[in-house]
Amino acid sequence: MQDLDWWKRAVVYEVYPRSFQDSNGDGIGDLPGIVDRLDYLVALGVDALWVAPIYPSPMADFGYDVADYCGIDRIFGNMADFDLLLDQAHRRGLRLILDFVPNHTSEQHPWFLESRSSRDNRKRDWYIWRDQPNNWTSNFGGSAWEFDELTGQYYYHSFLKQQPDLNWRNPAVKAAMYDVLRFWLRKGVDGFRVDVMWMLIKDAEFRDNPINPGFHPGLSTNQRFLPLYNTNQPEVHTIVAEMRGVIDEFADRVLIGEIYLPLAQLMTYYGKDGKGANLPFNFQLLQCAWSADALAQAVGDYYRALPEGAWPNWVLGNHDQPRIASRIGKQQARVAAMLLLTLPGTLTVYYGEEIGMTNVPIAPEQVQDPAEKNEPGIGQGRDPERTPMCWDQTQRAGFTTGVPWLPLGEDAGSVNVAVEQQDSSSLLMLYRKLMALRKSHPIKNNPTLIGGKLDDLRVEKGVLRFRRSGLRSGPRSGPGSGDDQIEVILNTTQEEISVETPAARVLIGTRMDREGEIAGSLTLHPGEGLVLLTSSTGLAGQR
Ligand code: NOJ
Ligand code: CA
């Protein structure tokens, strides 16, 4: 266990840079702002930051339309600011993961400007041009094909028309993009989260997608067809393996893939012999109904589906999904925190999740997200989960001195870092405790919760239960011997429920009022979760 790669032990914290901390009063978060908050992240107990795109961009999709892969957008600062962020993060023992957006560029990228300039331009084939469109649709609604007057052909865009897709069948594109990775890796970044990894390459014959029999009005037009030919093509695995090869030219880096696919397909992204993505993002918890049965099923199915040697990971939220505290409620958000932080493998926390930020309602005139603008009113917008981080009780929640680019939550006066730091039973304090437990139990560098087995996953009387057990590494008895077992008990209901436990000591409860209690039979409050220490050698003398 001591030898685990850093990213296997890591809690990764996603920073959406526009909304984390503004340093110059323009209402938009920036790199110096992130630097100012690094100590907060250290105190919280995270190990790595993943920062959503910070590259020069017209911001049609808020940075996911990249106009220069090797620069920094002025809105976020400059390269010196980036270098400082990287240095300051590393000095604190924090790793820095960048967002890599290889599927598409901005329409303003010089490569696309060249490509669209004439049919015989040497970069014409860097993008996907066709005489006729097929039925493929854009993720933001409507056809994925845009007619370009100048050269009389259509180009393909999986997202906005301002985001033309690169042609990953072209070796020159691959070479250029792998050099982008090397540029940042040489600077010392610790890895990448790869945007829409499963979409990178499309059917060579451009066959029409089949109709989705489940489509009904009220869904995005992107749901009309099943994405059989424009996503998850077999050839994508060669690209992922090549990206991994580039990552592996450098020591100690990580490749994470954003992939929304059913389990069986998701698992293929670990690659042949584990030489694909180190971590294909696992979005099971984002999509799962919040009941003990559904969670047991989702967690169990994922865990069982992992290929030999594959390292698990879990995600509760990101900048594209409704916030967990809105989805399941404030009380259950505590249960969710306990679940996340007691599961095996690498974890991702989305900024603000740790203080219980909720989706902020966005009035029509405040909408920023193009997904909402293109298809209004059907729940496509992602602004609600992208609102500014709430740091304190001041007027702008300590995020900015100016006008924030998205509104603050109405609860910013109570749901913020400063208030929760003063309250020993706050969600923030629960996150801190759980993260600390994760790292320390039972002995430093041999944490049951990170690398131990997950078993005995079951639902009893509507309560989700599972066991985490350590590796037998040390002497056969006593603390840290490896025979400690942790039992996690989560009441996902609104009812009081009595449960039986083995002789066990409460390490942490979601209400933070039971630590040290000896369990046996106990009554769980609605929405209460407990982490218990059980041991084959009894409880005496254990920490
Ligand atoms: C996935 C990103 O997470 C999302 O925010 C973005 O709009 C699309 N990819 C397009 O890059
Ligand atoms: Ca700013």
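The values are calculated or read from the model by the stated rules, or taken from the named source; none is laboratory data. The model shown is predicted, which means the values in this text are computed figures rather than measured ones. All Cβ positions, even for glycine, are placed from backbone atoms using ideal geometry, and neighbour counts span all protein chains on display. Protein only, heavy atoms only, side chains kept; ligands, DNA and RNA dropped before computing areas. Shrake-Rupley method; radii C 1.70, N 1.55, O 1.52, S 1.80 Å.
Go through the residues of the range 512-524 one by one and say whether even a single one is basic (Lys, Arg), touching an Asp or Glu at 6+ places or on another chain (Cβ under 7 Å) and modelled with pLDDT of 85 or more. Among the residues of the range 512-524, not one is basic (Lys, Arg), touching an Asp or Glu at 6+ places or on another chain (Cβ under 7 Å) and modelled with pLDDT of 85 or more, which makes the answer no.
From the list Thr346, Thr358, the lone residue that is crowded, with 24+ Cβ neighbours inside 10 Å and of a type in the set (S, T, N, Q) is Thr346.
Within the range 484-525, being more than 25 Å from Trp290 (Cβ to Cβ), of a type in the set (A, V, I, L, M, F, W, C) and open to solvent by 10 Å² or more (accessible area, probe 1.4 Å) holds for Ala503, Ile518.
The set of residues in the range 174-202 that are under 22 Å from Leu94 (Cα atoms), buried (at least 18 other Cβ atoms within 10 Å of the Cβ) and more than 16 Å from ligand 1 (Cβ to nearest atom) comprises Leu181, Trp184, Leu185, Val189, Asp190, Gly191. Is at least one residue of the range 89-98 away from ligand 2 (no atom under 13 Å from the Cβ), open to solvent by 10 Å² or more (accessible area, probe 1.4 Å), small (Gly, Ala, Ser) and part of a loop (DSSP other than H, G, I, E, B)? Scanning the range 89-98 turns up at least one residue that is away from ligand 2 (no atom under 13 Å from the Cβ), open to solvent by 10 Å² or more (accessible area, probe 1.4 Å), small (Gly, Ala, Ser) and part of a loop (DSSP other than H, G, I, E, B). Report whether or not Gln368 is in a loop (DSSP other than H, G, I, E, B) and under 30 Å from Gly271 (Cβ atoms). No: the conditions fail for Gln368.
Note on the range 79-88: among residues that are over 23 Å from the mean Cα position of the chain (by Cα) and within 16 Å of ligand 2 (Cβ to nearest atom), the one that is least open to solvent (accessible area, probe 1.4 Å) is Asp81. Pull up the range 203-261, narrow it to residues that are without any contact (Cβ under 8 Å) to a residue 40 or more places away in the chain and touching a strand residue (DSSP E or B) at 6+ places or on another chain (Cβ under 7 Å), then point me to the one that is surrounded by the most Cβ atoms within 10 Å (Cβ to Cβ). The qualifying residue surrounded by the most Cβ atoms within 10 Å (Cβ to Cβ) is Arg244.
Residue by residue, here is whether (1) among the β-branched types (Val, Ile, Thr); (2) more than 27 Å from the chain's Cα centre (by Cα); (3) at pLDDT 90 or above; (4) more than 23 Å from Arg9 (Cβ to Cβ) holds:
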{"residue": "Pro447", "(1), (2), (3), (4)": "no, no, no, no"}
{"residue": "Lys453", "(1), (2), (3), (4)": "no, no, yes, no"}
{"residue": "Glu460", "(1), (2), (3), (4)": "no, yes, yes, yes"}
{"residue": "Arg472", "(1), (2), (3), (4)": "no, yes, no, no"}
{"residue": "Pro479", "(1), (2), (3), (4)": "no, yes, no, no"}
{"residue": "Asn491", "(1), (2), (3), (4)": "no, no, yes, yes"}
{"residue": "Glu496", "(1), (2), (3), (4)": "no, yes, yes, yes"}
{"residue": "Glu500", "(1), (2), (3), (4)": "no, yes, yes, yes"}
{"residue": "Leu507", "(1), (2), (3), (4)": "no, yes, yes, no"}
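Selection of the range 241-281 for residues being polar (S, T, N, Q) and assigned to a loop (DSSP other than H, G, I, E, B) yields only Asn278.
Look through the range 154-173, keep the residues that are in contact with a helix residue (DSSP H, G or I) (Cβ under 9 Å, 6 or more places away or on another chain) and outside any loop (DSSP other than H, G, I, E, B), and return whichever of them is farthest from ligand 1 (Cβ to nearest atom). Of everything passing the filter in the range 154-173, Ala172 is farthest from ligand 1 (Cβ to nearest atom). Of everything listed in (1) open to solvent by 50 Å² or more (accessible area, probe 1.4 Å); (2) touching a His at 6+ places or on another chain (Cβ under 9 Å), the single unmet condition for Ala289 is (2). Exactly one residue among Ser143, Ser117 is open to solvent by 40 Å² or more (accessible area, probe 1.4 Å), small (Gly, Ala, Ser), within 29 Å of Glu375 (Cα to Cα) and away from ligand 1 (no atom under 16 Å from the Cβ), and that residue is Ser143. Looking across the range 35-53, just one residue is over 20 Å from Leu185 (Cβ atoms), within 16 Å of ligand 2 (Cβ to nearest atom) and in contact with a Leu (Cβ under 8 Å, 6 or more places away or on another chain), and that is Val35. Just to be sure I understand, how many residues within the range 54-81 are on the phi > 0 side of the Ramachandran plot and in contact (Cβ under 8 Å) with a residue 60 or more places away in the chain? Result for the range 54-81: 1.
Restricting attention to the range 327-349 and to residues that are within 21 Å of Tyr260 (Cα to Cα) and hydroxyl-bearing (Ser, Thr, Tyr), the residue that is farthest from ligand 2 (Cβ to nearest atom) turns out to be Thr346.
Residues of the range 282-297 that are more than 19 Å from the chain's Cα centre (by Cα) and in a helix (DSSP H, G or I): Ala292, Asp293, Ala294, Ala296, Gln297. The residues in the range 23-58 that are among the charged types (D, E, K, R), open to solvent by 10 Å² or more (accessible area, probe 1.4 Å) and more than 17 Å from Val349 (Cα to Cα) can be counted, and the count is 2. No other residue among Pro56, Pro110, Pro102 is within 16 Å of ligand 2 (Cβ to nearest atom) and modelled with pLDDT of 95 or more apart from Pro56.
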